[in-house]
Amino acid sequence: MSQTSAVFPTEAKWEREDTSRIPFLTYTSEEIYHRELERFFYKSHWCYVGLEAEIPNPGDFKRTVIGERSVILARDAEGGINVVENVCAHRGMRFCRERHGNRKEFVCPYHQWSYTLKGDLQGVPFRRGVKQDGQVMGGMPADFKTTEHGLTKLKVAVRGGVVFASFDPEVEPLEDFLGPTILGYFDRMFNGRKLKILGYNRQRIPGNWKLMQENIKDPYHPGLLHTWFVTFGLWRADNKSQLRMDARHRHAAMISTRGTGGKAEQVTQVASFKESMQLNDPSFLDIVQEPWWNGPTAVMTTLFPSVILQQQVNSVSTRHIQPNGHGSFDFVWTHFGYEDDTEEMTQRRLRQSNLFGPAGFVSADDGEVIEFSQQAFESKPCHRTLAELGGRDVENTEHMVTESLIRGMYRYWREVMED
């Protein structure tokens, strides 16, 4: 009796010329994933690596990643900010294991090659050999030059206390990469005030990295999935809102102004609205309008491919997307405030940060639905998702009832991936 095996496609087949139907294969193909790493994380793009406030003193460093490549953000003795790859120039070892620390130099434990905080090679043990019975034995070749064997140095851009880096020395200026529209929302949050680190959350989500970019480009779900948002009015479909993209549709901002909560026919019909829900601690809704908001109570900005900038009422944070295979990514939250915050405001920011993070009253929902989506994609690789709310066009809107930002991201994705 003969047996046949199912043959699955290796390239994503789009049903339409537009991007309203996204093939499951874009989330499940290892080949597509590795092409994404090369084209989005290692070439032509700026990626988030951290905040200046995380390395305030000379010698301070933070280990992080761009794509799957380990990098180190460091402040050198002169106060300059550097990003170098965490790969020894000798035998390729990832020499730095600590997440944060302070060093005068980086030393690889394998063979003790040492580097400055700028990534320059400064020491090679036994470079000129060792004396044995009156003779010099071994050593590096005579033409060996330390200047040719430093760590890989990345191009660095700093704006408003936020540090970006790129493996591509020809990457466009950061301001051009963001574009004027998104730059305005970036500068709204990072307006020159010094930042203060409040804490971190980390989680590993078993889903494709793009699903988190989609999640924060998706205004359809917050008022349906998140009981907290819809019940207490922080983010609802009937809130005054705007959706904005850069010219190439890769970055986006979702802007919302908080409603008053309570009853509204189109909202109370959804299952996530719980009229009877009450808070044991009402201070979670102790919200103070800040001057820099300029109106909106929430702006969620997605910078493709690596980071989400969050302002949800008084909680502000960065959310770093760190891919880990086609079906998994690490998600690192850096909660911060401003150095001139009062102690009362700092405590308010910390309280409201409990809405977010791995066990947040809101964000726990997102991690779960991303996991369940990835499971379905893996089981049915020839199918596709549907993103047709609001039509099939890609456009900015004055409302939330659309999936335009997702369609826009995949228009850009196809532009880069299919050339």
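The values are calculated or read from the model by the stated rules, or taken from the named source; none is laboratory data. Keep in mind the model is a prediction, meaning the values are calculated, not measured. Positions of Cβ are generated from backbone atoms using ideal geometry, with glycine treated the same way; all protein chains shown enter the neighbour counts. Just the protein is used for accessible areas: all its heavy atoms, side chains included, with ligands, DNA and RNA removed. Shrake-Rupley method; radii C 1.70, N 1.55, O 1.52, S 1.80 Å.
Within region 1-156, what whole-number % of the accessible surface is contributed by carbon and sulfur, with the 1.4 Å probe and all protein chains included in the calculation?
On the way: 4140 of 8750 Å².
It is 47 percent, rounded to a whole number.
Here r is the Cβ-Cβ distance between residue 340 and residue 127 and R0 is 45 Å; the resulting FRET efficiency, rounded to 0.05, is 0.35. GluC sites (Glu not before Pro) within region 327-369: which are DSSP loop residues with at most 11 other Cβ atoms inside 10 Å? Taking region 327-369 and a limit of 11 other Cβ atoms within 10 Å, the loop GluC sites (Glu not before Pro) found are 339. Given the options 365, 286, 60, which has the most mean-square fluctuation in a GNM of the chain, springs set between C-alpha atoms less than 10 angstrom apart? Judging by the Gaussian network model, the answer is 286. Placing one equal scatterer on every Cα of region 305-419 and applying the Debye formula, the log10 ratio I(q)/I(0) at q = 0.18 Å⁻¹ is -1.19. Between region 13-41 and region 346-419, the C-alpha centres lie 15 angstrom from each other.
Only helices enter the 222 nm calculation for the chain: every DSSP H run of n ≥ 4 contributes -39,500 (n - 2.57), and dividing by all residues gives -6000 deg cm²/dmol, rounded to 500. In the assembled protein chains, residue 361 presents an accessible area of approximately 100 Å² (probe radius 1.4 Å). Separation of region 288-323 from region 78-131 is 35 Å, based on Cα centroids.
Our analysis of region 1-106 gives Rg over Rh at 1.20, with the two radii drawn from alpha carbon positions and Rh computed by the Kirkwood formula. Solvent-accessible surface of the chain, averaged per residue with a 1.4 angstrom probe and all protein chains in place: 46 square angstrom.
So what's region 112-152 giving for Cα Rg divided by 2.2 N^0.38 Å, two decimals?
Compared with the compact-globule rule of thumb, region 112-152 sits at 1.35.
Note on residue 62: lysines with a C-alpha under 24 Å away, same-chain residues under 8 apart excluded, are 43, 104, 118, 153, 155, 194, 196.
Within the listed set 190, 126, 304, the Gaussian network model of the chain (springs between alpha-carbon atoms below 10 Å) gives the highest mean-square fluctuation for 126.
When the gyration tensor of region 39-181 is built from Cα positions, what are the square roots of 5 times its three eigenvalues, in whole Å, from largest to smallest?
Details: eigenvalues 221, 53, 30 Å².
Values for region 39-181, descending: 33, 16, 12 Å.
Run the numbers for residue 187 and residue 415: contour at 0.36 nm per residue of separation, minus the present Cα-Cα distance, in nm. Intermediate results must be reported in sequence, preceding the final value.
Details: separation 228, 0.36 × 228 = 82.08 nm, distance 2.78 nm.
Answer, rounded to one decimal: 79.3 nm.
For the chain, the Stokes-Einstein estimate of translational diffusion at 20 °C and a viscosity of 1.002 mPa s comes to 92 µm²/s, using the Kirkwood hydrodynamic radius over alpha-carbon pairs. Computed from the C-beta positions of residue 38 and residue 328, the FRET efficiency with R₀ = 25 Å rounds to 0.85.
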